There are 2 protein chains.
Amino acid sequence: MEVGHPAKKGEGRPVATMVARPNIKDIARLAGVSTATVSRALSDSGVVTEATRAKVHDAARKLNYRLNVRARNLRIQKSMAVLLVVRNMANPFYLDIFKGVEGIARAAGYVVLMGNTEDDANREIEYFDMLRDGHADGMILMTGNLPQEHQVLDDRFGSAPIVVALEAIENCGLAHVDVDNRAASRTAVRHLLDLGHTRIGHIAGPVPEVLGQLRLDGFRMAMAEAGHSVPSCHEAVGDYSIQSGRRCCRRIFESETPPTALFVANDEMAFGAIGELRDMGLRVPQDVSVIGFDDLFVSDSFSPPLTTIRQPCIEIGRKTMTMLIDLMGSGRRSPQMCQMPTELVVRGSTAPLAQA
Amino acid sequence: MEVGHPAKKGEGRPVATMVARPNIKDIARLAGVSTATVSRALSDSGVVTEATRAKVHDAARKLNYRLNVRARNLRIQKSMAVLLVVRNMANPFYLDIFKGVEGIARAAGYVVLMGNTEDDANREIEYFDMLRDGHADGMILMTGNLPQEHQVLDDRFGSAPIVVALEAIENCGLAHVDVDNRAASRTAVRHLLDLGHTRIGHIAGPVPEVLGQLRLDGFRMAMAEAGHSVPSCHEAVGDYSIQSGRRCCRRIFESETPPTALFVANDEMAFGAIGELRDMGLRVPQDVSVIGFDDLFVSDSFSPPLTTIRQPCIEIGRKTMTMLIDLMGSGRRSPQMCQMPTELVVRGSTAPLAQA
DNA sequence: GGCCGATTTGTAATCGATTGCAAAAACCGG
DNA sequence: CCGGTTTTTGCAATCGATTACAAATCGGCC
């Protein structure tokens, strides 16, 4: 049955004027072997005579051949891609994470797809679907509100390779890497306490969410341990943005007896808070000490240089990707988890309590 | 010829206990039609009776079917992916660009692959190869040192959809979007001149490269227009990092008659410069005015808030991706180019020249 | 009812690789 | 030189979709 062959490829066409992309058949023809042999020769894996190997490689070089990844992906049922999903692509905190993930990924032959949920649950589900559709072989999740979708996880992705990083930790049985937010926050607050501060305020992240809650817990724990009670007007809930830092700071400092120090759940809000304090005529650190969390690239150059808790972002990215590769390679193993160390970085935004 | 069918799929297997991923054949069987019809019904494009359409959709829903993108990609010879290549993934300037690109891309059904060259020419070539290999259908290039690879562009990628953004403009006949760096720099310097400054220094980006050169040109042009000569010791070349900003600033202020104002080629170096000035006991803007370039997310909250030239990053990302989609969709058209507007944002880091 | 044209559906080729099995070739000791 | 192994190669199926063309069905009109 003769069905149309529009622009039938190769066959009698002179090799030299080949214009379309050469494929494995072209190589086979030129090298005088079968496609199977070509495949084996090029992948270097199969057993193949040195002579044929050379012949095939020569032909491939001559035709300027490159493997068609789409065909390969279909056949081997992989995409050699991973999905990196964050809640907000424009969050500077992710910069080094991206870098770490990308570095390990490319070294292992994977490409990284950017995913951005903007905290929209539907978009999050879309990324799960992409995983299922074969767009990627694995996924790194750095979004907070996943847990609700248990159904998604259980029913449809029982064995999908997923690593959760820095968020939504205690939920499903997924692999994850994070830091000890509670302990780190406690360390931050202890630093302020050690400087003599007793009235300490806190600007938290969104709190039904795990991350914000953990840092708030750490704050309260440290204060409780030190025997200080925290009036509710010394706590405010922001959304990690500079603007919300300003807003929360203002609210806290409108209280009757404002704090002398502030533990802020991330550096961006700390920048906002410091800006607001300056606008209110308060000096940092002389009048108010401020400590942040994350250690962004600018924190060191801010004025005053920001005391903060450093998270090893590049390493977190690397570790996360490494775990994911592990997961994708060796089928589902017992879900691993890994806690990365944080570090208190003391700079110029904190100082001993001034004697009143 | 009976060849092995390991775990032969479907055939007599009860549909309900189907565990493997259903494919188009499973749908066809359940709906009692051919795979061709299924494909047409699901893509909603082909002509298909409403009745069959419903039948097929029902079957698909029942089996929880999802299209296999790998198969589809092979068949239609597309990847529905674009490559976004930058010189340094951890550069905060890219944040909003990423966001803009990703937003348009996903709206159009494309995924975005992250590419990071670290200014390594080999890695850059790898990304070109990825494009050719079919990993992606198009590429956004934001790297500076591409031009040398004319060969790559001509010989092997004559018609590859590529949009160059913000860098390496005047080279090959590729589509590109950028801003008028020379004019913007001139505007920045004029702002300082208008404030009464005459001794103005410049911290430039790497200068054999186009971008650094353009901003340097703009600086010199504005100074020349105003009739001021610039001693070479008032110009320094950095690498856009905070540290190099510090370093260059120190060098410039070691000169005998240091400038009273500084135009810095990007905000990060401006942060460094301001930090260094502070360390040297100079106040910004009282003693020295500083203007940057980019308007990073922190520039507004820096202390002092940084006067700078704003680039519309999100829009640049959007525009770039839009152009790329255009290019990919409609075959090669005449290479477009687009120049986005910049804006002088006056904040607290610049002030009128103090009367000595 | 029969015929013709317009719709709808089915058949099978195709995209470009990988790979299980069998056939061919090479090797080897007797 | 031959039978038996071991290597190397080739054949053809396969991954899961899309689509050109042919076949079947439908509808309307005489």
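GNM remark for chain B: springs join alpha carbons under 10 Å apart, and the peak mean-square fluctuation among B:Ser39, B:Ser241, B:Ser79 falls on B:Ser39. Computed in the context of the full set of protein chains, the accessible area of the stretch B:240-338 at 1.4 Å probe radius has 49% of its extent on carbon or sulfur.
Take every DSSP beta bridge whose two residues both sit in chain B; close to 10 percent of them are antiparallel. For the stretch B:17-67, just say rounded, prolate or oblate: build the C-alpha gyration tensor, square-root its eigenvalues into a ≥ b ≥ c, call rounded for a/c under 1.5, and beyond that prolate if a/b exceeds b/c, oblate if not. Cα axes put the stretch B:17-67 in the prolate bin. Measuring heavy-atom accessible area with a 1.4 angstrom probe and counting protein chains only, the residues of the stretch B:284-299 that give up at least 10 Å² relative to the chain alone are B:Phe297, B:Val298. In the context of the full set of protein chains, chain B has a per residue accessible area of 43 Å² (1.4 Å probe). Distances from B:Leu67 to itself in the other copies, using label points 7 Å out along the Cα-Cβ axis, amount to 2.7 nm in increasing order. Restricting attention to the protein assembly as shown, close to 10% of DSSP beta bridges with both partner residues there are antiparallel. Sorted from shortest to longest, the distances between the A:Pro335 label points of this copy and the other copies are 5.0 nm, with each point 7 Å from Cα along the line through the beta carbon. Only protein heavy atoms count here, probed at 1.4 Å, and on that basis chains A and B bury about 5100 Å² of accessible area in total.
In degrees from 0 to 90, rounded to the nearest 10, what is the angle of the helix B:242-253 Cα long axis to the longest principal axis of chain B? That works out to roughly 20 degrees. Springs between Cα atoms under 10 Å define the GNM used for chain A, and in it the highest mean-square fluctuation of A:Arg186, A:Arg220, A:Arg61 occurs at A:Arg61. In chain B, helices alone account for a calculated mean residue ellipticity at 222 nm of -12000 deg cm²/dmol, with every DSSP H run of four or more residues adding -39,500 (n - 2.57).
For the stretch B:17-67, the relative contact order works out to 42 percent when only alpha carbon pairs closer than 8 Å and six or more residues apart are counted. As I understand it, the value is the acute angle between the Cα axis of helix B:50-63 and the longest principal axis of the Cα atoms of chain B; what does it come to in degrees, rounded to 10? With rounding to tens, the tilt is 80 degrees. Among A:Asp287, B:Asp294, the order of accessible area from largest down is A:Asp287, B:Asp294, computed with a 1.4 Å probe on protein heavy atoms. A simple spin-label model places pseudo-atoms 7 Å from Cα toward Cβ; at A:Ala183 and A:Arg278 they are separated by 3.6 nm.
The label point for B:Leu67 and the one for A:Ile76, both projected 7 Å from the Cα toward the Cβ, are 2.5 nm apart. Here the label points at B:Glu343 and B:Thr35, each 7 Å from Cα along the C-beta direction, are separated by 5.4 nm in the simple model. The portion of the accessible surface of the stretch B:17-67 made up by carbon and sulfur, rounded to a whole percent, is 54 (1.4 Å probe; DNA, RNA and ligands excluded).
Once a ≥ b ≥ c are taken as the square roots of the eigenvalues of the Cα gyration tensor of the protein assembly as shown, is the result rounded (a/c under 1.5), prolate (a/b larger than b/c) or oblate (a/b not larger than b/c)? Taking the square roots of the gyration eigenvalues as a ≥ b ≥ c, the protein assembly as shown is oblate. Ordered by 1.4 Å accessible area with all protein chains kept, A:His191, B:His202 run largest first as A:His191, B:His202. Across identical copies of the chain, A:Gly109 has label-point separations of 3.0 nm, listed in ascending order, with the point defined 7 angstrom from Cα along Cα→Cβ. Relative to the current alpha-carbon distance between A:Ala354 and A:Arg199, full extension at 0.36 nm per residue lengthens the span by 54.5 nm. For the stretch B:69-83, accessible area lost to neighbouring protein chains reaches 30 Å² or more, against the chain alone with a 1.4 Å probe, at B:Val69, B:Arg70, B:Leu74, B:Gln77. If you run the Gaussian network model on chain A, springs between alpha carbon atoms under 10 Å, then out of A:Gln213, A:Gln311, A:Gln77 the most flexible one is A:Gln77. The angle between the Cα long axis of helix A:181-194 and the longest principal axis of the Cα atoms of chain A comes to about 30 degrees, rounded to the nearest 10.
Residues of the stretch A:100-117 that bury at least 40 Å² of accessible area once all protein chains are present, compared with their chain alone (1.4 Å probe, heavy atoms only, ligands and nucleic acids left out), are A:Glu102, A:Arg106, A:Val111, A:Val112, A:Leu113, A:Met114. Loop-located chymotrypsin sites (Phe, Trp or Tyr not before Pro) in the stretch A:286-333 (DSSP state not H, G, I, E or B) with no more than 12 neighbouring Cβ atoms inside 10 Å do not occur. Residues whose amide H lies under 5 Å from that of A:His202, counting only those 5 or more places away or on a different chain, are A:Glu235, A:Ala236, A:Phe263; hydrogens are built 1.01 Å from N in the peptide plane. Find how many whole Å separate the alpha carbon centroid of the stretch A:114-129 from the alpha carbon centroid of the stretch A:210-273. Centre-to-centre distance over Cα atoms comes out at 30 Å. Over chain A, Cα pairs under 8 Å with separation of 6+ residues give a relative contact order of 16 percent.
The loop-placed trypsin sites (Lys or Arg not before Pro) in the stretch B:252-356, going by DSSP, that have at most 15 neighbouring Cβ atoms within 10 Å of their Cβ come out as B:Arg283, B:Arg332, B:Arg333.
The values are calculated or read from the model by the stated rules, or taken from the named source; none is laboratory data. Computed from a predicted model, the values in this text were never measured in an experiment. As a convention, Cβ positions derive from the backbone with ideal geometry for all residues, glycine included, and neighbour counts pool all protein chains shown. Each accessible area value is taken on the protein alone, full model and side chains, heavy atoms only, with ligands, DNA and RNA left out. Shrake-Rupley method; radii C 1.70, N 1.55, O 1.52, S 1.80 Å.
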